[in-house]
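> Sharing a structure with you now.
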Amino acid sequence: MWSPPGHATVTVLGPVDDLAIDEATIISLGATHVVHAPMPVDALLAAVRSQLPGALIAGFGEELTVLKDVGHPRALAAGWGLDHAQGWQGVGHTRMATESAVTPSGAHPYAVGPDQCLVHNGSFANHATIRRHLKARGVVFDSENDTEVGARFVAQQIADGRDVESALKDLCAQFDGFYTLLVSNRDSFAVVRDAIACKPAVIAETDAWVAMASEYRALVGLPGIEKARIFEPEPERIYAWTR
């Protein structure tokens, strides 16, 4: 309902009163404004950026819609109408902020590449060093958040022709810190934990679906959970699934 077939979608945080794009539809959901139009993603993204230079782009693609805000998760889900949402993949994240302000822009996921998003539990110790390397390659950042560095790193790897799994292998080799990561794109998603694996994660897998959470209680309501293969991801092992 937010990313209609044949449409590009851009999620904007910030005022959209000055936005005027032919055939575009704007759906305002609290702090989040979802813009979609029957045009290529690059064209819609360029139009939004040119007309709203001060706005934060929270996500973009043909199959991705990102919703961000601050508040109780149940209230946000009800306000967004998540119970009516449809799709083959969904990522939700409730965050205790330690590295940034409690604002919609600091909320996860970080979606900085086309039809890509990343959520992160933990912290990267050497994010400043990797940020400098990415900036030297021309990568532009929206915040000082360590998670954005991980998201920009993965997006750059994918732009260079890598798949999600190999991008995360390279991340494990270059990033220091404690983390559990989930990265998704238009046709796959992957999970990885750091070498110590101190950040929690549990995966449930069936022939019909795969789900990942920090705690098992988040999975107990899923249909067929009693027959699922349930396991804790091993340190630095990449778990990946393709659509």
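The values are calculated or read from the model by the stated rules, or taken from the named source; none is laboratory data. Note that the coordinates shown come from a computational prediction; the quantities given were computed from them, not determined experimentally. As a convention, Cβ positions derive from the backbone with ideal geometry for all residues, glycine included, and neighbour counts pool all protein chains shown. We work out accessible area using only protein heavy atoms, side chains counted, and drop any ligands, DNA or RNA first. Shrake-Rupley method; radii C 1.70, N 1.55, O 1.52, S 1.80 Å.
> Give all pairs with beta carbons closer than 9 Å in which a residue from region 214-243 that is at negative phi meets a residue that is of a type in the set (Phe, Trp, Tyr) and surrounded by fewer than 13 Cβ atoms within 10 Å (Cβ to Cβ); count only pairs at least 6 apart in sequence or on separate chains.
Arg243/Trp88
> Taking the condition of being open to solvent by 20 Å² or more (accessible area, probe 1.4 Å) and closer than 17 Å to Asp160 by Cβ, how many residues in region 117-148 meet it?
Going residue by residue through region 117-148, those that are open to solvent by 20 Å² or more (accessible area, probe 1.4 Å) are 121-123, 125-129, 132-133, 135-144.
Now drop any that are not closer than 17 Å to Asp160 by Cβ, which leaves 133, 135-140.
Count: 7.
> Something else: So, in region 149-198, exactly how many residues are open to solvent by less than 70 Å² (accessible area, probe 1.4 Å), in contact with a helix residue (DSSP H, G or I) (Cβ under 8 Å, 6 or more places away or on another chain) and assigned to a helix (DSSP H, G or I)?
Number satisfying all stated conditions: 14.
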